[in-house]
């Protein structure tokens, strides 16, 4: 039975690329049978990366069958995985987020969770000397994942190791990191074809605060004005997302990659309270700028209060 390798729902570049990277390693180096899968439509940057390096989009799955053999990457949170994930035969987890708990396995498994900015960096290290066998397209995926997750090393999650691996890969590929990052961020910023509801869900995670459940959505862009022009309709679309996704509120952060700041949309008093308590700001309008805040994992989620 094939191993299915997948990341979290609302897949970004790391959660799209890492399943392909690890499936390559299992197939070509370990002699196993593994297939990358996705738990949703990848964002525009991830789609660009797939095309740039010559990969077809992996099949999208919504559920798994009882006993399916799976490896989970770029998450360990059951809320970001199929509802019946504990029916699967989980073989391993490779992740760089905090340990959440709630996953059940039928026996001991390999778990690697390291404080690095990117899952692809962890995979590079786990491969050890076998990285010399990585073909250029797999190297390109890994480099893309690292640049994306670190926002070209701007994110506070960036470690020395992430930068080292990215610089090694870029040298081997003869790619200028800055120029390539601009291509990635341009692709990430092109969201004109997405509806407001799709934008709110595109890169989002459910998160409880006190007795309420929030969908915490982040949109990273080099063209924030494109999003700000849609603020009224995006705020209106939050009602639909809350109703359909069974959440109480949507926290929508527009991350300006170049200015290294976020703008949080503030549609109601509850979100205003969250913004003021979490980030120490005074909210006077239906949005508020948060200087220096660019990382959901390190700067947004850990600070959320109600």
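The values are calculated or read from the model by the stated rules, or taken from the named source; none is laboratory data. Nothing here was measured: the structure is a model prediction, and the numbers come from that model. Virtual Cβ from ideal backbone geometry, glycine too; neighbours counted across all protein chains shown.
Checking residue 27 against (1) without any contact (Cβ under 8 Å) to a residue 24 or more places away in the chain; (2) closer than 21 Å to residue 137 by Cα; (3) in contact with a strand residue (DSSP E or B) (Cβ under 8 Å, 6 or more places away or on another chain); (4) in a loop (DSSP other than H, G, I, E, B): exactly one of these is not met. Which one? Evaluating residue 27 over (1) without any contact (Cβ under 8 Å) to a residue 24 or more places away in the chain; (2) closer than 21 Å to residue 137 by Cα; (3) in contact with a strand residue (DSSP E or B) (Cβ under 8 Å, 6 or more places away or on another chain); (4) in a loop (DSSP other than H, G, I, E, B) leaves (4) as the failure.
Would you be able to say whether some residue in the stretch 159-169 is modelled with pLDDT under 95, surrounded by fewer than 20 Cβ atoms within 10 Å (Cβ to Cβ) and in a loop (DSSP other than H, G, I, E, B)? No, there is no match, as no residue in the stretch 159-169 is modelled with pLDDT under 95, surrounded by fewer than 20 Cβ atoms within 10 Å (Cβ to Cβ) and in a loop (DSSP other than H, G, I, E, B). Of the numbered criteria (1) within 18 Å of the chain's Cα centre (by Cα); (2) modelled with pLDDT of 95 or more; (3) not assigned by TED's automatic domain parsing to the domain that holds residue 41, the one residue 244 fails is (1). Within the option set 117, 59, being in contact with a strand residue (DSSP E or B) (Cβ under 7 Å, 6 or more places away or on another chain) and without any contact (Cβ under 8 Å) to a residue 60 or more places away in the chain holds for one residue only, 59. Does the stretch 177-184 include one or more residues that are surrounded by 21 or more Cβ atoms within 10 Å (Cβ to Cβ), in a helix (DSSP H, G or I) and in contact with a helix residue (DSSP H, G or I) (Cβ under 6 Å, 6 or more places away or on another chain)? Scanning the stretch 177-184, I find at least one residue that is surrounded by 21 or more Cβ atoms within 10 Å (Cβ to Cβ), in a helix (DSSP H, G or I) and in contact with a helix residue (DSSP H, G or I) (Cβ under 6 Å, 6 or more places away or on another chain), so the answer is yes. Applying the set (1) in contact with a helix residue (DSSP H, G or I) (Cβ under 8 Å, 6 or more places away or on another chain); (2) surrounded by fewer than 20 Cβ atoms within 10 Å (Cβ to Cβ); (3) modelled with pLDDT under 95 to residue 64 leaves exactly one unmet item: (2). When the stretch 275-302 is examined, which residues are found to be modelled with pLDDT under 95 and within 18 Å of residue 210 (Cα to Cα)? Result: 301, 302. Considering the stretch 224-306, there are no qualifying strands (runs of 3 or more DSSP E) wholly inside with 1 or more residues that are touching a strand residue (DSSP E or B) at 6+ places or on another chain (Cβ under 9 Å), at positive phi and touching a residue at least 24 places away in the same chain (Cβ under 8 Å).
Among residues of the stretch 188-208 being more than 24 Å from residue 259 (Cβ to Cβ) and in contact with a strand residue (DSSP E or B) (Cβ under 9 Å, 6 or more places away or on another chain), the one that is surrounded by the most Cβ atoms within 10 Å (Cβ to Cβ) is 201.
Against the definition (surrounded by 19 or more Cβ atoms within 10 Å (Cβ to Cβ), more than 27 Å from residue 96 (Cβ to Cβ) and in contact with a helix residue (DSSP H, G or I) (Cβ under 6 Å, 6 or more places away or on another chain)), how does residue 283 come out, yes or no? Criteria not met by residue 283.
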